[in-house]
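*Asks:* Handing you this structure, nothing more for now.
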Amino acid sequence: MPSICVVGSVNLDLVMIVDRVPEVGETVLGGDLERIPGGKGGNQAVAAVRSGGDVYMVGRVGEDEAGRVLRRSLEDAGVNTDRVLETPGCNSGTALIAVQADGDNAIVVSPGANARLSAQDVRESAMVANADVVLAQAEVPREAVLTAASTCGGLFVWNVAPVPSWTADLLPFVDVLVVNEPELRAVMGSTTMPPTGEIAKWSAASGIAAVVVTLGSEGALLVSEGEVAQIPAPAVNVVDTTGAGDAFCGALAVRLAAHRAIPTVADVQFAVAAGTAATQVRGAR
Ligand code: RIB
């Protein structure tokens with residue numbers, strides 16, 4: 001079975017449905033508050049299990065009720081949580097999420113225990129060296145992600161979300177970069193969507209074997225050594241886009257782990273299908 005080690009965040013999502021997200025200085029009324037397990041790391045780990053992976057999570061939760069709920073939800077989904085560490089005196093990560101009627105969302109994250117994930121926590125996790133793929137995001141500290149990237153024994157896949165100030169430190173270790181369009185623009189320092197030729201030149205200069213850009217309802221773009229392809233998504237009724245990118249990353253990681261090589265068009269098609277399916281249900285998982 002392809003093995004995936006996810007190094008990342010685990011959050012409790014506090015979700016409210018709103019007609020539209022408020023502008024700065026504005027108040028809007030929403031629906032009932034829901035508490036749902038989330039966090040980009042946790043969501044991607046669960047998505048990878050659903051796609052057939054043997055999944056190990058490295059992260060931190062608080063010493064609180066939310067932490068117990070979050071750990072249990074990962075275990076129930078089939079994720080190995082031996083390295084999901086309880087953090088004394090700390091709250092679990094929490095995300096405030098407003099989901100609009102059209103399915104789009106706005107998210108604010110309080111990292112809580114995620115901010116305590118250390119280089120040592122990662123170094124002590126044997127699966128970072130042993131897994132076919134190490135999958136990380138950017139809701140945990142630089143030192144943790146950098147250690148995961150530099151000690152990874154298989155492919156290192158980085159979903160640069162949210163884009164951190166330390167992005168450049170990580171790029172030399174990245175095999176496959178997964179970004180959405182605003183993240184790609186931020187990472188490449190571009191005000192507009194860069195043409196595929198520029199993405200190819202930039203990734204080659206950065207030593208990245210493949211860049212995968214998620215494009216929402218438009219599918220995804222694959223730019224790799226020797227291949228450029230746009231992969232369309234099927235048209236669906238979108239309910240909630242929260243976690244669609246995470247479902248994409250988890251599914252892609254399983255495909256890459258199975259052949260331990262950079263993405264093919266078929267791999268990205270598989271990931272697009274998983275991301276699309278995730279938009280048809282409420283919640284991040
Ligand atoms: O990608 C969606 C996730 O982002 C949410 O589950 C929230 O916790 C934040 O991490």
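The values are calculated or read from the model by the stated rules, or taken from the named source; none is laboratory data. For clarity, every value in this text was computed on a predicted model and none was experimentally measured. We place every Cβ from the backbone using ideal geometry, glycine too, and count neighbours over all the protein chains shown. Remember, those area values only see protein heavy atoms, side chains included, never the ligands or the DNA or RNA. Shrake-Rupley method; radii C 1.70, N 1.55, O 1.52, S 1.80 Å.
*Asks:* Residues Gly52, Gly41, Gly59: which one is assigned to a strand (DSSP E or B) and over 12 Å from Ala98 (Cα atoms)? Full working, then the answer.
*Replies:* Values: Gly52 fails: assigned to a strand (DSSP E or B); Gly41 fails: assigned to a strand (DSSP E or B).
After ruling out the rest, the residue left standing is Gly59.
*Asks:* Find all pairs meeting these conditions: Cβ atoms under 7 angstrom apart; at least six residues apart or on different chains; first residue within the range 256-274 and over 14 Å from Val178 (Cα atoms); second residue open to solvent by 50 Å² or more (accessible area, probe 1.4 Å).
*Replies:* Phe270/Arg255
*Asks:* Same structure, new question: If you take just the strands (runs of 3 or more DSSP E) that sit entirely in the range 187-285, which of them hold at least 3 residues that are touching a helix residue (DSSP H, G or I) at 6+ places or on another chain (Cβ under 8 Å) and closer than 29 Å to Ala106 by Cβ?
*Replies:* Those strands (runs of 3 or more DSSP E) span 210-214, 220-224.
*Asks:* With Asp32, Asp104 as the choices, which residue is under 26 Å from Thr241 (Cβ atoms), surrounded by fewer than 19 Cβ atoms within 10 Å (Cβ to Cβ), under 19 Å from the mean Cα position of the chain (by Cα) and among the charged types (D, E, K, R)?
*Replies:* When all the criteria are applied, what remains is Asp104.
*Asks:* Among (1) within 16 Å of the ligand (Cβ to nearest atom); (2) surrounded by fewer than 18 Cβ atoms within 10 Å (Cβ to Cβ); (3) of a type in the set (Val, Ile, Thr), which single condition is Val179 missing?
*Replies:* So Val179 meets the others, but not (2).
*Asks:* Has the range 48-58 got at least one residue that is buried (at least 17 other Cβ atoms within 10 Å of the Cβ) and within 15 Å of the ligand (Cβ to nearest atom)? Give the steps one after another, and end with the answer.
*Replies:* If we filter the range 48-58 for residues that are buried (at least 17 other Cβ atoms within 10 Å of the Cβ), which is where we start, we get 48-51, 53-58.
Now narrow it down to the ones that are within 15 Å of the ligand (Cβ to nearest atom): 48, 57.
The answer is yes, given that some residue of the range 48-58 is buried (at least 17 other Cβ atoms within 10 Å of the Cβ) and within 15 Å of the ligand (Cβ to nearest atom).
*Asks:* Taking Met16, is it of a type in the set (A, V, I, L, M, F, W, C) and modelled with pLDDT under 95?
*Replies:* Here the answer is no, as Met16 does not meet what is asked.
*Asks:* With respect to the numbered conditions (1) surrounded by fewer than 18 Cβ atoms within 10 Å (Cβ to Cβ); (2) acidic (Asp, Glu); (3) more than 16 Å from the ligand (Cβ to nearest atom), which one is the sole condition not fulfilled by Asp267?
*Replies:* (1)
*Asks:* Within the range 59-99, restricting attention to residues that are in contact with a helix residue (DSSP H, G or I) (Cβ under 8 Å, 6 or more places away or on another chain) and hydrophobic (A, V, I, L, M, F, W, C), which residue is surrounded by the most Cβ atoms within 10 Å (Cβ to Cβ)?
*Replies:* Selected residue: Val61.
*Asks:* Pick out the one residue from Val99, Val133, Val108 that is away from the ligand (no atom under 15 Å from the Cβ) and either touching a residue at least 24 places away in the same chain (Cβ under 8 Å) or among the β-branched types (Val, Ile, Thr) (or both).
*Replies:* Val133
*Asks:* Scan the range 130-173 for residues that are open to solvent by 40 Å² or more (accessible area, probe 1.4 Å) and in a helix (DSSP H, G or I) and jot them down.
*Replies:* Asn130, Arg142, Glu143, Ser150, Thr151, Ala168, Asp169, Pro172, Phe173
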